[in-house]
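Chemist: Once you've had a glance at the structure underneath, I'll fire off some questions.
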Amino acid sequence: MEKNLVLDVEENPKKVHEWFLFGIQHVLAMLVACITVPLITGLPIAATLVSAGIGTLCYLIATKKKSPVFLSSSFAYLSPMGSALTVGLIGGATGNNYLALILGMLMVGIVYVAIALIIRFIGTGWLNKLLPPIVVGPVIMVIGLGLAVSAINNLTGVNTNNPMDYNLLKIVCGLVAMVVIALVSHYGKEKGMARLIPFVIGMGAGYILAVLFTVIGLAADVSYLKIVDFGPFIAIGNQFKSGNAGEIIAAIFNWKMFVPNDAESFIFLRFNEISKFDWATIGSVALLFIPVALVTVCEHIGDHENLGNILGRDLLNKEPGMTRTLIGDGAATAISGALCGAANTTYGENVAVIGTTKIASVNVVFVAALMSIVIGFFTPFTALLQTIPACVTGGVSLILYGFIASSGVKMLIQEKIDFGKAKNIFIASVILVSGIGGLAIKFGNPTAPTIQITSTAVAMILGICLNLILKDKKEEAPAPAVEESAPVEETPAE
């Protein structure tokens, strides 16, 4: 295990401004995926940020602050979340099925806790056999490479099937962010401030360039140059101009998260839709979420393996142990489901931040969690984060998502997986091709399936099955060497 840390798990920054810079770096790293999930599903962004912070705090408490992990919304649950929202309400009522999300995430939490308890009483041998490195490594690669299309679409501006969305200037902004991160991280002075916050500096550089293009575009009325959307700031200005006390307060502090049935409210307060839940659909909800829970358990193990290698610690088998890490993750997901409808999971992006900066202080992660909660309630800061263009975060994702995939390769190397064995080649090949190729299993109408098992889940299941079917061959023992008798010398006759 490698260990060359600037700040170890129990150590803290010495200066006040370091707390902020190191913490905000974690917030920025998880921000892209965190707000992308609600943008895709239509769930509240502010509530998702708050949930990420609260979920991380739950995890840190469950693990006794022995593991510097940041939790946030998971892409793995996008498909079941989308399907759950459309599960029929009672009497054919219209609206989003928010209770299906809450119950689904509760089921995921129960799966995590159940696995944790089994581990507590009978150990991890069965899980290690079910999910060995030859399965976990390629699945981690699938998770990282599966996000590659999202990163490229964000970078290029192509988020639809319309090729005219392609914008070369957006690519320039994203690549500037990516290159600055790499330069600062590689050439920055050892333990120097710049080298410790490469993602803040890189995103800042890309954002400033995007703002410059946008200002020129607004002045010259050229839409191609308008990269940054200042809409969130304009909305705040309109709230101040309204003269309404409630709107003015909302422009500073997002209190509407506590208002029942408001577009910004926590999910458990969406009483209008929750009251229409059809309990006859509970089985469908279970089939949507439980299979994916096994995938994120695999992701959970992989992220902790990767982080443990960076820290020079065994987080899963020693302190804090897989029982605590799974309970922390599961409880965070159940709570997050009630608050914003999204699952909480370990973030490879934040593991990448620790791996790059070598700052592993758990209290920095604690501060980052508090920042996420505050940002969720502080409307102007949320608006600022929302104006960071997708092309800049796409450029950063070239590093972060690639780091996730590379971590899978790194695991295979560190575990000394022998690809001279046909069994290992078969397992890795099937996982990679089915996962990256998008082999999903659909039940019902293929265009609008009642139940769908995502390609990542299918890849993991196929890998597990192949690993169990293909038994290791016993090495043939070499034939024992035959000792030749020494020739008998005849004594010459006297």
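The values are calculated or read from the model by the stated rules, or taken from the named source; none is laboratory data. These numbers come from a predicted model, not from an experiment. Counting neighbours? That spans all protein chains shown, and the Cβs are built from the backbone with ideal geometry, glycine included. Accessible surface areas use protein heavy atoms only, side chains included; no ligands, DNA or RNA. Shrake-Rupley method; radii C 1.70, N 1.55, O 1.52, S 1.80 Å.
Chemist: Name, by its number, the condition in (1) assigned to a helix (DSSP H, G or I); (2) acidic (Asp, Glu); (3) surrounded by fewer than 24 Cβ atoms within 10 Å (Cβ to Cβ) that does not hold for Glu319.
Modeler: Result: Glu319 passes all but (1).
Chemist: Of all residues in segment 33-62, count the ones that are in contact (Cβ under 8 Å) with a residue 12 or more places away in the chain, part of a helix (DSSP H, G or I), open to solvent by 10 Å² or more (accessible area, probe 1.4 Å) and within 28 Å of Ile152 (Cα to Cα).
Modeler: In the first step, residues of segment 33-62 are kept if they are in contact (Cβ under 8 Å) with a residue 12 or more places away in the chain; the result is 33-38, 40-62.
If we keep only those that are part of a helix (DSSP H, G or I) as well, we get 33-38, 40-41, 45-62.
Still in the running and open to solvent by 10 Å² or more (accessible area, probe 1.4 Å): 35-36, 40-41, 45, 54, 57-58, 61-62.
Still in the list and also within 28 Å of Ile152 (Cα to Cα): 35-36, 40-41, 45.
So the answer is 5.
Chemist: Name the one entry in Ile208, Ile249, Ile216 that is more than 29 Å from Leu21 (Cβ to Cβ), out of contact with any Leu (no Cβ under 8 Å at 6 or more places or on another chain), without any contact (Cβ under 8 Å) to a residue 24 or more places away in the chain and not in a loop (DSSP other than H, G, I, E, B).
Modeler: On the way: Ile208 fails: more than 29 Å from Leu21 (Cβ to Cβ); Ile216 fails: out of contact with any Leu (no Cβ under 8 Å at 6 or more places or on another chain).
Exactly one residue qualifies, and that residue is Ile249.
Chemist: How about segment 252-264: which of its residues are in contact (Cβ under 8 Å) with a residue 24 or more places away in the chain and not in a helix (DSSP H, G or I)?
Modeler: Across segment 252-264, the qualifying residues are Ile252, Phe253, Asn254, Ala263, Glu264.
Conditions tested, residue by residue: (1) open to solvent by 10 Å² or more (accessible area, probe 1.4 Å); (2) of a type in the set (Phe, Trp, Tyr); (3) more than 23 Å from Met141 (Cα to Cα).
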| residue | (1), (2), (3) |
| --- | --- |
| Val367 | yes, no, yes |
| Ala383 | no, no, yes |
| Gln386 | yes, no, yes |
| Gly395 | no, no, no |
| Leu400 | no, no, no |
| Lys410 | yes, no, no |
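Chemist: Name every residue in segment 251-293 that is basic (Lys, Arg) and within 18 Å of Ser73 (Cβ to Cβ), in order of residue number.
Modeler: Applying the first criterion (basic (Lys, Arg)) to segment 251-293 yields 256, 270, 276.
Matches in segment 251-293: Arg270 only.
Chemist: Checking Leu326 against (1) open to solvent by 10 Å² or more (accessible area, probe 1.4 Å); (2) over 22 Å from Asn12 (Cβ atoms): exactly one of these is not met. Which one?
Modeler: Only one criterion in (1) open to solvent by 10 Å² or more (accessible area, probe 1.4 Å); (2) over 22 Å from Asn12 (Cβ atoms) is unmet by Leu326, namely (1).
Chemist: Next question. Can you name the residue in segment 435-473 that is modelled with pLDDT under 70 and of a type outside the set (Gly, Ala, Ser) and, of all such residues, is surrounded by the fewest Cβ atoms within 10 Å (Cβ to Cβ)? Break it down into steps so the answer makes sense when it comes.
Modeler: Filtering segment 435-473 down to residues modelled with pLDDT under 70 leaves 444-452.
Subset that is of a type outside the set (Gly, Ala, Ser): 445-447, 449-452.
Working: Asn445: 8, Pro446: 9, Thr447: 6, Pro449: 15, Thr450: 14, Ile451: 17, Gln452: 23.
Checking each candidate, the answer is Thr447.
Chemist: Something else now. If a residue has to be modelled with pLDDT of 90 or more, within 24 Å of the chain's Cα centre (by Cα), surrounded by 14 or more Cβ atoms within 10 Å (Cβ to Cβ) and not β-branched (Val, Ile, Thr) to count, how many in segment 413-434 make the cut?
Modeler: 3
Chemist: Looking only at segment 116-129, which residues are under 17 Å from Asp303 (Cα atoms) and touching a residue at least 12 places away in the same chain (Cβ under 8 Å)?
Modeler: As a first pass, look at segment 116-129 and keep what is under 17 Å from Asp303 (Cα atoms): 116, 124, 127-128.
Those that are under 17 Å from Asp303 (Cα atoms) and touching a residue at least 12 places away in the same chain (Cβ under 8 Å): Ala116, Thr124, Leu127.
Chemist: Could you run through segment 282-316 and say how many residues are in contact with a Ser or Thr (Cβ under 9 Å, 6 or more places away or on another chain), under 23 Å from Lys442 (Cα atoms) and open to solvent by 20 Å² or more (accessible area, probe 1.4 Å)?
Modeler: Of the residues in segment 282-316, 4 are in contact with a Ser or Thr (Cβ under 9 Å, 6 or more places away or on another chain), under 23 Å from Lys442 (Cα atoms) and open to solvent by 20 Å² or more (accessible area, probe 1.4 Å).
Chemist: Of the conditions (1) part of a helix (DSSP H, G or I); (2) under 20 Å from Pro38 (Cα atoms); (3) open to solvent by 40 Å² or more (accessible area, probe 1.4 Å), Asn96 clears all except one; give me its number.
Modeler: (1)
Chemist: For segment 170-178, indicate whether the set of residues that are modelled with pLDDT under 90 and in contact with a helix residue (DSSP H, G or I) (Cβ under 6 Å, 6 or more places away or on another chain) is non-empty.
Modeler: Start the filter on segment 170-178 by keeping residues that are modelled with pLDDT under 90, which leaves none.
The answer is no, given that none of the residues of segment 170-178 is modelled with pLDDT under 90 and in contact with a helix residue (DSSP H, G or I) (Cβ under 6 Å, 6 or more places away or on another chain).
Chemist: If a residue has to be outside any helix (DSSP H, G or I) and open to solvent by 10 Å² or more (accessible area, probe 1.4 Å) to count, how many in segment 2-32 make the cut? Even if it seems obvious, please write down each step before you answer.
Modeler: If we filter segment 2-32 for residues that are outside any helix (DSSP H, G or I), which is where we start, we get 2-15.
Restricting the remaining residues to those that are open to solvent by 10 Å² or more (accessible area, probe 1.4 Å) gives 2-8, 10-15.
Residues flagged as outside any helix (DSSP H, G or I) and open to solvent by 10 Å² or more (accessible area, probe 1.4 Å) within segment 2-32 amount to 13.
Chemist: Would you pick out the residues in segment 248-263 that are farther than 26 Å from Gly95 by Cα and out of contact with any strand residue (DSSP E or B) (no Cβ under 9 Å at 6 or more places or on another chain)? Spell out the reasoning first.
Modeler: First, the residues of segment 248-263 that are farther than 26 Å from Gly95 by Cα: 248-249, 251-253.
Result: Ile248, Ile249, Ala251.
Chemist: Still on this model: Quick check: anything in segment 193-205 free of Cβ contacts under 8 Å to residues at least 60 places away in the same chain and β-branched (Val, Ile, Thr)? Even if it seems obvious, please write down each step before you answer.
Modeler: First, the residues of segment 193-205 that are free of Cβ contacts under 8 Å to residues at least 60 places away in the same chain: 194, 201, 204-205.
Adding the requirement that they be β-branched (Val, Ile, Thr) leaves 201.
Yes; the residues of segment 193-205 include at least one that is free of Cβ contacts under 8 Å to residues at least 60 places away in the same chain and β-branched (Val, Ile, Thr).
Chemist: Please report, ordered by residue number, the helices (runs of 4 or more DSSP H) entirely within segment 330-444 with at least 2 residues that are more than 30 Å from Lys471 (Cα to Cα), touching a residue at least 12 places away in the same chain (Cβ under 8 Å) and not acidic (Asp, Glu).
Modeler: Details: elements: 348-357, 362-377, 379-387, 390-414, 422-437.
Of the helices (runs of 4 or more DSSP H) lying wholly inside segment 330-444, those with at least 2 residues that are more than 30 Å from Lys471 (Cα to Cα), touching a residue at least 12 places away in the same chain (Cβ under 8 Å) and not acidic (Asp, Glu) span 348-357, 362-377, 379-387, 390-414.
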